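J.: Quick one: this structure, given as structure tokens, is what I'll be asking you about.
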Amino acid sequence: MLDRRECVRLLLGERGDLLVVSGLGAPTYDVAAAGDHPLNFYLWGAMGGAAMIGLGLALARPRARVAVITGDGEMLMGLGSLATIGVKQPQNLAILVLDNRRYGETGMQASHTQYGIDMVGIAKACRFPEVRAISEVSELDAARCLLHSVNGPAFIQVQVRQEEVARVLPSRDGYEIKFRFMQAVAKLGEV
């Protein structure tokens, strides 16, 4: 099992103009710990909505790379979004799920993936052309490639340790997060 913070840090290193949507809870803390960036869109609510926000961005900005970094609990709440992404087939979207098999924000109860629910299989069934399950450091280069450059949609499930990590809190001001993100995306021009 991988260290979630190290994994996110490595995957977001030298990120360029990658637009990142982080899911509720620990994935937001992980993305913030990797380095606050104006192209990070942190979610503080809307559990289950990260993938759909990523889809909206990918469709609105087809020349930009969009990565959604979320957790297994948040992704399980929004499984229907995988079907919608599968129908729309955005070439510039990657969904990365940090799977610790726990609902970390509510007390580390076991999530469905602990009991064998196969999110990679679900993504395949939803017509994601690129899917990968990652559990070893040696596989991170392949995950990085899917996140940053491979035509998608791509789905990456990363098995991370079941541990609570210190919270690295970016701004919690929704207006500030949205406005900063919009300004940063506008500066990219029509990418």
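The values are calculated or read from the model by the stated rules, or taken from the named source; none is laboratory data. Computed from a predicted structure; not experimentally measured. Here Cβ is always computed from backbone atoms with ideal geometry, including for glycine, and neighbour counts include all displayed protein chains. To get the accessible areas, we keep the full protein, side chains included, count just its heavy atoms, and leave off ligands, DNA and RNA. Shrake-Rupley method; radii C 1.70, N 1.55, O 1.52, S 1.80 Å.
J.: Just name the residue that is surrounded by the most Cβ atoms within 10 Å (Cβ to Cβ) out of those in region 74-103 that are at pLDDT below 95, in contact with a helix residue (DSSP H, G or I) (Cβ under 7 Å, 6 or more places away or on another chain) and under 12 Å from GLY48 (Cα atoms).
T.: Among those residues, the one meeting the criterion is MET75.
J.: If GLU176 meets every condition in (1) surrounded by fewer than 14 Cβ atoms within 10 Å (Cβ to Cβ); (2) at positive phi apart from one, which number is that one?
T.: (2)
J.: Would you check which residues across region 133-158 are touching a helix residue (DSSP H, G or I) at 6+ places or on another chain (Cβ under 7 Å) and either in contact (Cβ under 8 Å) with a residue 40 or more places away in the chain or under 15 Å from LEU10 (Cα atoms) (or both) and list them?
T.: ILE134, LEU140, ALA143, ARG144, LEU147, PRO153, ALA154, PHE155, ILE156, GLN157, VAL158
J.: Also, quick follow-up: Residues being open to solvent by 40 Å² or more (accessible area, probe 1.4 Å), in contact (Cβ under 8 Å) with a residue 12 or more places away in the chain and in a helix (DSSP H, G or I): count how many of those fall in region 5-50.
T.: Matching residues across region 5-50 total 4.
Conditions tested, residue by residue: (1) of a type outside the set (Val, Ile, Thr); (2) closer than 22 Å to VAL131 by Cβ; (3) out of contact with any Lys or Arg (no Cβ under 6 Å at 6 or more places or on another chain).
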| position | (1), (2), (3) |
| --- | --- |
| CYS7 | yes, yes, yes |
| ASP30 | yes, yes, no |
| ALA34 | yes, no, no |
| GLU74 | yes, yes, yes |
| LEU98 | yes, yes, no |
| MET119 | yes, yes, yes |
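Listed here are the residues, each with its yes/no results for (1) crowded, with 19+ Cβ neighbours inside 10 Å; (2) modelled with pLDDT of 85 or more; (3) touching a His at 6+ places or on another chain (Cβ under 7 Å).
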{"residue": "GLY121", "(1), (2), (3)": "no, yes, no"}
{"residue": "ARG127", "(1), (2), (3)": "no, yes, no"}
{"residue": "ALA133", "(1), (2), (3)": "no, yes, no"}
{"residue": "ASP141", "(1), (2), (3)": "no, yes, no"}
{"residue": "ALA154", "(1), (2), (3)": "yes, yes, no"}
{"residue": "GLN162", "(1), (2), (3)": "no, no, no"}
{"residue": "LEU169", "(1), (2), (3)": "no, no, no"}
